[in-house]
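FYI, it's all coordinate maths here, none of it is from the lab. Bear in mind the structure is a predicted one, so any value in this text is a computation, not a measurement.
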Amino acid sequence: MRRTGLVVGEPGAVRLRARRAVRVVERLVGLIAQPLPVAGAGLWIEPCRAVHTLGVRGPLDLVFVARSGEVLRLCEGVPPRRVRGALRARAVLELRAGEAHRLGLRPGMHLRWIDDSKGGQR
């Protein structure tokens with residue numbers, strides 16, 4: 001998994017650290033049996049239209065994102081052993097429960113990546 005920075009909610013963005021899962025095994029494993037992300041951190045899974053919380057250690061906020069970066073759907077406080085998805089999603093951002101609210105995320109916002117390792121944008 002590669003570390004990246006994620007800028008949330010243009011303008012006046014809040015920076016969020018995220019691991020990026022893009023390989024098949026990384027996407028399948030996700031946060032299973034892993035510690036939940038700390039405040040200000042998350043897991044970006046791409047490509048992804050649906051996730052399960054089987055084997056996850058606690059509730060998650062799930063942020064489904066379109067190819068354009070638009071937040072399509074928020075599922076807050078999803079407990080373990082559940083499935084959620086969004087048909088038009090290209091990616092999902094998994095956060096510790098309560099983080100979406102704390103960051104002010106809402107449908108219609110846009111997320112923009114800044115790749116810390118290269119100094120460039122995605």
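Going by amide H atoms built from the backbone, whose H comes under 5 Å of the H on E70, apart from near neighbours?
Counting only residues 5 or more places away or on other chains, the set is L111.
Apply the a/c threshold of 1.5 to the C-alpha gyration tensor of the range 12-84 and tell me whether it is rounded, prolate or oblate.
Numbers: a/c = 1.35, a/b = 1.26, b/c = 1.07.
Note, shape of the range 12-84 comes out rounded.
From the phi angles alone, apply the Karplus equation (6.51, -1.76, 1.60; θ = phi - 60°) to the range 19-25 and give each ³J(HN,Hα) in whole Hz, x where the residue is Gly or Pro.
8, 10, 9, 10, 7, 3, 5
For R84 and E46 in the same chain, what is the full-extension length gain: residue separation times 0.36 nm, less their Cα-Cα distance, in nm?
Roughly 12.2 nm would be gained on extension.
I need the shape label for the range 53-116. Rule: rounded when a/c is under 1.5, else prolate if a/b > b/c, else oblate, with a, b, c from the alpha carbon gyration tensor.
prolate
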